[in-house]
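First up is the structure itself, then whatever we jot down about it.
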Amino acid sequence: MKRRVVLVDDHTLFLAGVRAELGDAVEIVGEAGSVAEAVPLIKEVDPDVVLLDVHLPDGSGDAVINAVADDRPGVRFLALSVSDAAEDVIAVIRAGARGYVTKTISGEDLAAAIERVASGDAVFSPRLAGFVLDAFRAGDRIGPDEALDELTPREREVLQLIARGYMYKEIAARLHLSVKTIESHVSSVLRKLQLSTRHELTRWATQHRLV
């Protein structure tokens, strides 16, 4: 089944080029040229992947992610930009994007990157990966061993499923538990990790390579 993709970029000629390059490899279910257009569109169509420019007329790519992530935790974001500036890359990755590639990428490689991101992998243009890893190594606010030791095995399991985009009801079914029990586990994980939303849990799990 083709991955359902939303394109977010304010350059119409570039969007047309991306459509042509991707061809039949994916199903493009929507396009937006601004943060204001992108947020309601993504919430409405609930795509597998959002291909996202980091600079939009009314804001940045991370603003889109932050506005959508809690409501649509299953949506994956892949940044596609002319910029390879560290601050641009780090901003969207910290917001929760699963990857960052530059606009020099070929259509075939872009289709492969979309598939990998949809499957849960992280994808970066080769020269960007190093400073992304360096940034997160420097920015971890709690060591992974120390934090994970605080969690019970069941809490770790719930955290991983939350980070993979499963809803409470789906997690309850997979683990043969009640929804209330899952909610209790999530509350405990949030408290122990000093986080406040499931989006932050997803980001934390990604940073600590649990997904």
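The values are calculated or read from the model by the stated rules, or taken from the named source; none is laboratory data. The structure displayed is predicted, hence computed values, not measured ones. We place every Cβ from the backbone using ideal geometry, glycine too, and count neighbours over all the protein chains shown. All accessible areas refer to the heavy atoms of the entire protein, side chains included, with ligands and DNA or RNA removed. Shrake-Rupley method; radii C 1.70, N 1.55, O 1.52, S 1.80 Å.
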query: Is the shape of the range 10-112 rounded, prolate or oblate, going by the alpha carbon gyration tensor and its root eigenvalues a ≥ b ≥ c, with a/c under 1.5 for rounded and a/b larger than b/c for prolate?
result: rounded
message: Please compute the length gained on full extension between Thr197 and Asp84, using 0.36 nm multiplied by the number of residues separating them and subtracting their Cα-Cα distance.
response: 37.7 nm
message: Quick check: Cα centre of the range 183-211 to Cα centre of the range 75-89, how many Å?
response: 24 Å
query: Hey, if we sort Ser187, Ser81 by accessible area with the 1.4 Å probe, largest down, what's the order?
result: Ser187, Ser81
message: Please report the accessible area of Asp10 (heavy atoms, 1.4 Å probe, ligands and nucleic acids excluded) in Å², nearest 10.
response: 60 Å²
- request: Answer with one residue from Val179, Leu201, Pro57: the one whose Cα lies farthest towards the positive end of the charge dipole of the chain, charges on Cβ with Lys, Arg +1 and Asp, Glu -1.
  value: Val179
statement: Filtered hits (aspartates and glutamates, Cα-Cα < 18 Å from Lys43, offset >= 8 within chain) -> Asp9, Glu27, Glu31, Asp53, Asp62, Asp70, Asp71
- request: Determine how large the accessible area of Glu150 is when every protein chain is in place; take a 1.4 Å probe and give Å² rounded to the nearest 10.
  value: 100 Å²
field: Sequence-distant aspartates and glutamates (8 or more away, or on other chains) whose Cα lies within less than 19 Å of Lys192
entry: Asp140, Asp145, Glu146, Asp149, Glu150, Glu155, Glu157, Glu183, Glu200
task: Please give the solvent-accessible surface of Lys43 in Å², to the nearest 10, using a probe radius of 1.4 Å with every protein chain present.
output: 60 Å²
